[in-house]
Amino acid sequence: AAAGGAATAVVGDNTPASRYAKLKAAVKAHVRYMRMATNGDGVDRHLFGLYIAAKGEAAMKGRPDDVPDVFKDDAFKLPFTLSSSQTPAFATLGGGFAPIAADGYGVSYVVAETRLWFHISAYAAHPDTSAVRFADSLEHALNDIHELCLTCGKLKPVFSRRRFAIQRPQ
C-alpha cells in the first residue's frame, strides 16, 4: 500500500515535501518487508514455494492441474511479468536472466555504495515488451526520485551531483 501511495504521489499534483514523505514511507515499508523475507518470514515466498512443489508433483503424476484447492485461487493465476533479483555487490558485478513470462522482463540489479547496476532482459519477439523502453523508464524514474530528494534537501553531498544514465551495450 505504501509503495502504491508513493507511486501515485510522485506523479500526482502534490508538494515535493508530501511526495518525499510518501516515498520515504514506501521505502521504509519495503525495507521492513525485505527484512522479513530475508529472515524467512515473507509469507508469499513460503506459499509460492509450496505452490511450485504442488505443481511439480501434479505434473509428475500427469495431472498438472491437480493441486490443493488453496492454489486454485485467482491470486495464483496472476502472471509474473516482472522477475527481479538483487545480486550482492561484493560477490559479483551482476548477471542477467531471462523473463519467466513471454510478455515479461527479467531484471537483476546490484546496489553498491555509489553505483547501481541493472541487467534488463525481454523477449524481442514479443510486441509489448522492450528492454530499451524499460531501461528508459527506469532511468527517468531514478532521475525523478533523485530530483525530488535534491529539492527536499535530503541527499548527502556526494550524491547531489549524480545523475542516472543507462549504459547501453555497444
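The values are calculated or read from the model by the stated rules, or taken from the named source; none is laboratory data. None of the values given here were measured: they were computed from a predicted structure. With ideal geometry, Cβ positions are generated from the backbone for all residues, glycine too; neighbour counts draw on all protein chains shown. Heads up: the accessible areas ignore ligands, DNA and RNA and are worked out on the full protein's heavy atoms, side chains in. Shrake-Rupley method; radii C 1.70, N 1.55, O 1.52, S 1.80 Å.
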Virtual spin-label span in nm between Asp74 and Lys156, 7 Å along Cα→Cβ: 4.6
How high is the FRET efficiency from Lys61 to Ala102, r the C-beta distance, R0 30 Å, rounded to 0.05? 0.70
Compute the Rg/Rh shape ratio of the stretch 22-80: radius of gyration over Kirkwood radius, all on alpha-carbon atoms. 1.15
Residue separation times 0.36 nm, minus the C-alpha to C-alpha distance between Val27 and Asp136: what's the value? 37.0 nm
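Once the piece of chain linking Glu147 and Met34 is laid out straight, how much longer is it, given 0.36 nm per residue of separation minus the C-alpha distance between them?
Working: separation 113, 0.36 × 113 = 40.68 nm, distance 2.52 nm.
Stretched fully, the Glu147-Met34 segment lengthens by 38.2 nm.
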Cleavage-rule hits, chymotrypsin sites (Phe, Trp or Tyr not before Pro), the stretch 59-138, DSSP coil, Cβ neighbours within 10 Å at most 12: Phe80, Phe90
Rolling a 1.4 angstrom probe over the protein heavy atoms, how many square angstrom per residue are accessible across the stretch 52-167? 69
